[in-house]
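Each reported figure results from applying straightforward, stated rules to the coordinates on display, with no laboratory input. The shown structure was predicted, so the numbers you read here are calculated from the model rather than taken from an experiment. All Cβ positions, glycine included, derive from the backbone under ideal geometry; neighbour counts span all protein chains shown.
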Amino acid sequence: MKRFKSYMMVIGILAASFAGGAVSRWIFPTTPQAHAASKTRSTEDALRWSLSKPVYTRKLNVGDPKGGVTALIDPSGMKLFGSGKKARVRLESSSGSLALADTGGKDRLKLGSTSSGGTGITLLDASGRRRVQIDADGLKIFNSSGREVGSFGFQSDGSVGASVADKSGKLKRIDKDPEPAKAP
């Protein structure tokens, strides 16, 4: 019984669709002039008008109904604004990086170019200092003053390993076994 109701619903929807099309043709018939004009239009002309044309401008502001700017596109990139009128998402055309900001407008996540010139992901704290960075070299962890305190990935000698900062702030390898004692 349930399957029968499903089939009847599908048949009803199809019938309503065809009936709607027939009624619209009856209410809005095509005029002979429109029909003739559509036949004389060339394929190239039809294709040209079917594709949207580019808009050239130096700056494009997109606003909400209340008159506030919600997005801005200019030669420097694109910005999307939050309710507090602060840029929450920023795409920079010069560096090709994407930044996500908190409600106060401070960057908290960056995708793209890193300070070392590579590409990666950087997490920043509330004051804008990097705390975690993931890039081609691996994972790096920074303290509140911006000093590197830990890493996992490619080390300076080219091997893969982990390092942690000691009390003096110098990174020490924690995965490297000391060389075994030589046999007598």
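Near Val132, within a Cβ-to-Cβ distance under 12 Å, what is the net charge of the other residues, with Lys and Arg +1 and Asp and Glu -1?
Overall, the nearby charge balance is +3.
Set the Förster radius R0 to 30 Å, insert the Cβ-Cβ distance between Ser93 and Ile134 as r into 1/(1 + (r/R0)^6), and round the FRET efficiency to 0.05.
Computed FRET efficiency for Ser93 and Ile134 comes out at 0.80.
Evaluate the distance, in nm, between pseudo-label points positioned 7 Å from the Cα of Thr119 and of Ala16 along their respective Cα→Cβ axes.
Roughly 4.8 nm, to one decimal.
Work out the length of the dipole vector of the range 53-106 about its Cα centre, built from +1 on the beta-carbon of each Lys and Arg and -1 on the beta-carbon of each Asp and Glu, and round it to the nearest 20 debye.
About 120 debye.
If neighbour count is taken as other Cβ atoms inside 10 Å, put Phe152, Phe81 in order from fewest to most.
Phe152, Phe81
Checking the table Lys66/Lys86; Lys110/Lys167; Lys106/Lys172; Lys59/Lys140 against a 28 Å threshold on Cα-Cα, which pairs fail?
Lys110/Lys167; Lys106/Lys172; Lys59/Lys140
Please report the projected area of the range 85-154's Cα convex hull averaged over all directions, in nm².
Average projection, Cα convex hull of the range 85-154: 4.7 nm².
If you take every residue apart from Asp74 with its C-beta less than 10 Å away from the C-beta of Asp74, what net charge results, scoring Lys and Arg +1 and Asp and Glu -1?
+3
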